[in-house]
Amino acid sequence: MAHRPGPNLATIPLGRRGVLQLLAVGAALPLAGRRAHAATAADATAPAFLSDGHLELTAGFVLPDATPEQLMAALGTSDPGAPYKSACTVPLLRMDDRVILFDAGSGPAFVPTAGTLIAALEEAGVTPDMVTDIVFTHGHPDHLWGVTDDFDELAFPEAAYYMASTEHDFWMSDGAMSSMPPDRQNFAVGAQARLPRLAERATFFADGAEVLPGIESFATHGHSPGHTSFVLHLGDDPIMLTGDVFTNPASVSHPDLTWGTDQDAEAGKEQRRRMIDRLAADKMRAAVFHMPPPGLGRVEARPDGAVWVPEG
């Protein structure tokens, strides 16, 4: 993996973030409250799941090629204009002396209904300065743009950042913007404004790399060109962080539909089928960013197809 050392953080003066840290409840407090969901109360190393708000979409955006019958079967409405709310949930893992986030949320610049991660962290007794590592599944706005705050400063100034090389290289390429439909070209603009800000503290890893001890990456390209999922090897109960391979329960039960947020629709279908097979065969728990909170559950294979079975 290519790693670039970070700046000397000892030279950073006490400012707005320092005051926030002094006001924090303390990192030792349990994750609690409306925005935080503990995965396993008895297991101090289990991840928690923090709300970054939600996205307000329409049924026709979520399933752009679906017939009215398919919309009804998948989303419970035949109206393409019907509103659809997509939750955004960020996993937080405490491991030894590390505080690790998987994705950084939307931040203040994407949509007004998302960007609550900082508040959720502080409610959990964690200020942004305490976050040591941020591991990205991909570079879409609701996963990346939260690295900068209202003042366009780095929201997590002491964190190291990890992203698949394939994903980073796509977003920083000259062709990233032109490869997107017009209404999403700002995705590339936003990524290209933020990723260089992380470069001094970033590691860009190869597919399959162990990003941090016990955190295994593997390529699930489709939703984005370098989309990556992760297995957290936590004792005898590993957890799969799928990222956006799935985006709601219906994407498990209807994997072959075209889901509107996939940059490569056919690759997205293939990744869903593979993920369903693996999770069902291994009986592994999964954490899914856009599932209803807390986003933790299992995939079960049944005679009439796979289903999402939530936990927590």
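Name the residues of segment 169-186 whose amide N is less than 20 Å from a point 7 angstrom out from the Cα of ARG197 along the C-beta direction?
169-173, 177, 185-186
Report the residue, chosen from SER106, SER86, SER78, that carries the largest GNM mean-square fluctuation when the chain is represented by alpha-carbon nodes joined by springs under 10 Å.
Largest GNM mean-square fluctuation: SER78.
Helix-only mean residue ellipticity at 222 nm, the chain, DSSP H runs n ≥ 4 weighted -39,500 (n - 2.57), per residue, nearest 500. What is it?
The per-residue figure over the chain is -6500 deg cm²/dmol.
Segment 93-129 to segment 158-199: how many Å between their Cα centroids?
That distance is 20 Å.
Each reported figure results from applying straightforward, stated rules to the coordinates on display, with no laboratory input. In this text, all values refer to a predicted model and were calculated from it rather than measured experimentally. Cβ coordinates were reconstructed from backbone atoms using ideal geometry, including for glycine residues, and neighbour counts include every protein chain displayed.
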